Amino acid sequence: MEIINGLITTADVLSALILICTILFILLKKGMQFTFLKLLAINAGYNLVITLLRLFLGHENPAYAIGFNLTRPVDIITALLILYVLWDKPLFRKFLVISIIPVMALWVRELWFEPIDHIHLTALIPPSMWSIIITAVALALLYQKPEKQSFVFTRFLIVAGFMIYNFTYFIIEALMPYYFFAKPFEEQKMLVPQIGLLNLGAYFFTRVILLLAAADFLSDISYKRTQLALQRQFFPSHS
């Protein structure tokens with residue numbers, strides 16, 4: 001049990017480091033001029049604050065629960081805007097805006113009717129389901145004439161990152177209880193930290209993928225600028 005708890009703390013620390021690296025990378029590479037990277041930096045900054053609160057206060061601390069409950073839309077809306085910016089499809093963008101309405105309505109309902117100092121799974125599962133659905137649609141759109149689309153690999157990494165974590169979280173929170181509560185109480189106590197470690201492991205992996213997406217995006221920008229400069233040098237336009 002102590003080993004698992006130590007691994008959980010390590011996973012949280014590593015996640016915080018990856019989030020810091022993401023923010024610093026975007027700032028040092030002057031990526032804030034791009035809307036996508038600006039949104040990714042905001043998302044990483046929010047998640048860094050939440051991760052540090054969990055590290056220093058503990059996930060059962062009421063102060064952590066209050067901070068998490070009040071600010072959760074920051075994570076949801078920045079994820080939506082990232083997909084909105086990268087996928088230039090009017091119908092998909094409309095779908096994103098409409099589909100988030102019930103998710104936000106559930107958040108408002110929770111704040112109004114549920115204790116704010118406790119994190120409720122009923123309000124966490126719908127955003128995960130929503131994220132799985134919209135990333136699946138985004139992935140399907142990505143395979144429609146990919147040769148005519150820009151930043152294909154960047155967008156694939158974004159979809160992969162969002163989907164891996166949210167799918168893992170959905171399995172843990174929505175389906176795992178059916179298996180979990182069928183076990184004896186002693187086994188349940190052993191499973192809780194293992195499940196938490198699995199969740200944090202998926203989260204860490206997701207943040208690594210999103211950092212790679214930022215790096216690939218800037219690499220593509222640099223390549224296109226180089227190609228444009230060479231074109232202007234060797235094939236100058238004559239007006």
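We did not get these values from a lab; they are worked out from the coordinates using the rules stated. For clarity, every value in this text was computed on a predicted model and none was experimentally measured. So basically every Cβ, Gly included, is an ideal-geometry build from the backbone, and we count neighbours across all protein chains shown.
Data overview
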| read-out | value |
| --- | --- |
| Cα-Cα over 27 Å, subset of Lys30/Lys145; Lys94/Lys224; Lys29/Lys224; Lys30/Lys224 | Lys30/Lys145; Lys94/Lys224 |
| Cα gyration tensor shape of region 4-69, rounded if a/c is under 1.5, else prolate or oblate by comparing a/b with b/c | oblate |
| Note, ³J(HN,Hα) from phi for region 62-77, Karplus 6.51, -1.76, 1.60, rounded to Hz, x at Gly and Pro | x, 5, 5, 4, 5, x, 5, 5, 6, 10, 3, x, 4, 5, 5, 6 |
| For Glu60, Glu114, order by how many other beta-carbon atoms lie within 10 Å, fewest first | Glu60, Glu114 |
| Within region 2-217: Cβ-based charge dipole about Cα centre, in debye rounded to nearest 20 (Lys, Arg +1; Asp, Glu -1) | 920 debye |
| Segments 34-46, 95-107, 162-174 sorted - mean Cβ within 10 Å per residue, highest first | 34-46, 162-174, 95-107 |
| Nearest-0.05 FRET efficiency for Ala136 and Met32, computed from C-beta distance (R0 30 Å) | 0.50 |
| Burial ordering of Arg155, Arg72, fewest other beta-carbon atoms within 10 Å first | Arg72, Arg155 |
| FRET E, pair Ile116, Ser222, Förster distance 45 Å, beta-carbon r, rounded to 0.05 | 0.50 |
